[in-house]
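A short worksheet on the structure shown next.
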Amino acid sequence: MGLRLYNTLRRQVEPFEPLEPGGVRLYSCGPTVYGPSHIGNFRSYIFADVLRRYLAWSGYRVTWVMNITDVDDRIIRNATEAGLSIDELTGPHVATLAQDLGRLRIGPPDEMPRATEHVPDMARLISRLLERGHAYRTEDGSIFFRIDSWPAYGRLARLDPAQQRVGERVEADDYGKDDVRDFALWKAPKPGEPSWSTEVGEGRPGWHIECSAMSMRYLGDSFDLHTGGVDLIFPHHEDEIAQSEAATRRPFVRTWLHCAHLQMGGQKMARRDGNVARPADLYAQGFVPRALRFALLRVHYRAPIEFTDEALSDAAAAVTRLSTALAALDAYREDRPTDASLDDLLASTRERFGAAMDDDLNVSAALATVFDLVKEINRRLEERQLSTADAERTAAFIRDLDQVLAVAEDEDAELEEADRLLLDERAAAREARQWDRADELRAALRQHGVLVEDTRDGQRWRLATVEKRVCTPEPAGG
Ligand SMILES: [Zn+2]
């Protein structure tokens, strides 16, 4: 049937068809780096990442751009208050962001353009809007988009044309605009604030123009998919459409996709309310990044998630189930004929997985097919029903599905060299039937977060996820 996605523009699920056969161009509104991002932000980036991975898994060439907003009112305010330059303020947050994205296995995107490096592109776009009569200058040198000049305004957010703008980042009367609905494309310089010298004068860009300029710079005037959180539909994405289409006279984005909020304690997670959890807080509690990734992707992207400790513990248990199954398959050795029904099992799993993802990225249903398979495979392993080659084939199959989900194993789960030596030593001790020594080594490894288990196929290890936190600690040594 092929991929179908819910397009916010038409409020319906539609068949996805790329503008150019075989290639997909995708833009995601990225973080504003005035502080570290919270897990609600990461939910939105993980959603875009799963979309990107699924498109690639389905055979498309994907170009994914996610911007970094490194200049806006809050950044300037925070930098001024701290006596720092913009770069000094945002630099550490950009570094943390890169680390967080990597650990959560998001991307990396093909491009991560920074607003401060694309100011001339923004000025060029604003210049075209001025030429075409869609923008005007106020006395102080600020430039506004004239909403009256663009009748299609409000199509995405389904606004009543007379409706006033709410939730705007700039006070209505700040810059003396003609119409309260008009939004700032360019802001005149204020004393003590950073500004750029451009073809439209001295000043700095408004927030909305950043995404139009950077997306079109890397993906062309028209592209396939644009993602963001639901709170960006209005005014941010409405404004992006207006200023882009008014400048180019071409359709801007074919499909708009929006991810629901993450809630904690019944409230939307938001920095301004202080109701936030950050990845580092959760890792400090002993959760591995892929448990967090799992917790953030398991619910359909259009449904809100209520984030709780329990949900995260469940996620940790689930990802452990996957990695344990893979470790068991890797270790399994059985000299016997192939399991005649395995091919059918894998083929039907693949089909159900694809059908679930094609259905507007129904990740929960896709995960259910993976866990059904794991359960059945565990049974066949237990009954020694698979051959060694069957086990290898099955492990490769699960890893292939995990190209989309990226939760089954840690990319950085490489053992420390010292722990690898301890494991080798323990295997040798068991071989020599030195059980006390083997137990000592198991305890030592456990203290390093490496859990060892003895099976018929030899010792198996995995990295502790949340068990580190909930298991009774080893008796203290004095
Ligand atoms: Zn944006």
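The values are calculated or read from the model by the stated rules, or taken from the named source; none is laboratory data. All of these numbers come straight from a predicted model, not from anything done at the bench. Methodologically, a virtual Cβ is constructed for each residue, glycine included, from the backbone with ideal geometry; neighbour enumeration extends over all protein chains shown. Ligands, DNA and RNA are stripped out before the accessible areas are found, and what is left, the full protein with its side chains, is counted by its heavy atoms. Shrake-Rupley method; radii C 1.70, N 1.55, O 1.52, S 1.80 Å.
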What one gets for segment 204-349 as the Kirkwood radius, inverse of mean 1/r over different Cα pairs in Å, is 19.4 Å
Rounded to whole Å², per residue accessible area for segment 417-470 with a 1.4 Å probe reads 63 Å²
Largest first and rounded to whole Å, the semi-axes √(5λ) derived from the alpha carbon gyration tensor of segment 19-259 read 28, 23, 16
Expressed as a percent, the accessible surface of the chain that is carbon or sulfur, using a 1.4 Å probe and the full set of protein chains, is 47 percent
Given 420-428, 361-369, the highest-first ranking by average Cβ count within 10 Å works out to 361-369, 420-428
With DSSP loop assignment and no more than 10 other C-beta atoms within 10 Å, the GluC sites (Glu not before Pro) in segment 43-144 are GLU139
Magnitude of the Cβ-charge dipole (Lys and Arg +1, Asp and Glu -1) of segment 417-470 about the Cα centre, nearest 20 debye, reported as 200 debye
Here the Cα Rg-to-2.2 N^0.38 Å ratio for segment 112-155 is 1.34
Cα-only Rg/Rh for segment 3-96 with Kirkwood Rh rounds to 1.11
With R₀ set to 41 angstrom, the calculated FRET efficiency between the beta-carbons of ARG460 and GLU81, to the nearest 0.05, is 0.15
Note to self: Kirkwood Rh of segment 417-470, Cα pairs, one decimal, Å, is 11.3 Å
Dividing the alpha-carbon radius of gyration of segment 172-219 by 2.2 N^0.38 Å, where N counts its residues, gives 1.29
To the nearest 20 debye, segment 32-169 has a Cα-centred charge dipole, built from +1 on Lys and Arg Cβ and -1 on Asp and Glu Cβ, of 680 debye
Among PHE397, ALA355, ALA213, the residue whose Cα sits farthest towards the positive end of the charge dipole of the chain, when +1 is placed on the Cβ of each Lys and Arg and -1 on the Cβ of each Asp and Glu, is ALA355
Plugging the Cβ-Cβ distance of ARG321 and ALA280 into 1/(1 + (r/R0)^6) at R0 = 35 Å yields, to the nearest 0.05, a FRET efficiency of 0.85
Magnitude of the Cβ-charge dipole (Lys and Arg +1, Asp and Glu -1) of the chain about the Cα centre, nearest 20 debye, reported as 680 debye
Calculated from DSSP helices alone, with each H run of at least 4 adding -39500 (n - 2.57) and the total divided by the residues of the chain, [θ]222 nm to the nearest 500 comes to -14000 deg cm²/dmol
Per residue, the convex hull enclosing the alpha carbons of the chain has a volume in Å³ of 164 Å³
Over its alpha-carbon atoms, segment 196-274 yields an Rg and a Dmax in Å of 15.3, 48
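In square nanometres and to one decimal, what's the mean projected area of the convex hull around the Cα atoms of segment 72-112? Before the final figure, lay out each step's value.
On the way: hull surface 13.2 nm².
Reported value for the Cα convex hull: 3.3 nm².
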Per the charge dipole of the chain (beta-carbon charges, Lys/Arg positive, Asp/Glu negative, Cα centre), the residue among ILE75, ILE126, ILE86 reaching farthest to the positive end is ILE126
For segment 260-312, listing trypsin sites (Lys or Arg not before Pro) in a DSSP loop whose Cβ sees at most 15 other Cβ atoms within 10 Å gives ARG302
Expected sort for 45-51, 229-235, 319-325 on mean C-beta neighbours within 10 Å, highest first, is 45-51, 319-325, 229-235
Dipole check, the chain, charges on Cβ (K,R +1; D,E -1), about Cα centroid: among PHE183, VAL288, TRP150 the Cα furthest to the positive pole belongs to TRP150
The answer for the chain, counting only DSSP H helices whose Cα atoms cover 27 angstrom or more along the axis and whose Kyte-Doolittle average is 0.5 or greater, is 309-331
dims of segment 280-405, Cα set, principal axes, largest to smallest, nearest Å -> 48, 34, 20
Percent antiparallel among DSSP beta bridges confined to the chain, nearest 5, equals 55 percent
